[in-house]
Amino acid sequence: MRGSGEAKLLSLRELECLRWSAAGKSSDEIAIILSLSSHTVTAYLKTAMKKLDVKTRLQAVVVAYRLKLLCHPDWAVRPLCCHRLWRTTASRRPALYEMT
């Protein structure tokens, strides 16, 4: 993202993995929550990190929060708040969030 003029897209799964990572969950824990393998979760997180042009999960979470791709810090108390927002805008951008 740094210096790139093109928009990147994060999938819904990449965002879900980032949200759970922000809540302090490991790849294994996220895999159980989302009914995926831990390798798949790691792949989603790596793809998100590449799209956000960062090197660590923590950096990815911070950048996603700054870009308003993640909800308010209390989202862990209300884990579906971002999902509700996604549902209301699904007709415009189904399953994808555009980052500028």
The summed charge of the Arg13 Cβ neighbourhood (under 14 Å; Lys/Arg +1, Asp/Glu -1) stands at +1
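Take the Cβ-Cβ distance between His39 and Arg66 as r, set R0 to 22 Å, and report the resulting FRET efficiency rounded to the nearest 0.05. Please report the intermediate quantities before stating the final value.
Numbers: r = 28 Å, r/R0 = 1.29.
The calculated FRET efficiency here is 0.20.
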If amide H atoms are built 1.01 Å from N in the plane of the peptide, which residues on other chains or at least 5 residues away come under 5 Å of the amide H of Leu10?
Tyr97, Met99
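Read the figures in this text as sums done on the coordinates, not as results from a lab. For clarity, every value in this text was computed on a predicted model and none was experimentally measured. When we count neighbours, we look across all protein chains shown, and the Cβ atoms used for this are built from the backbone with ideal geometry, even at glycine.
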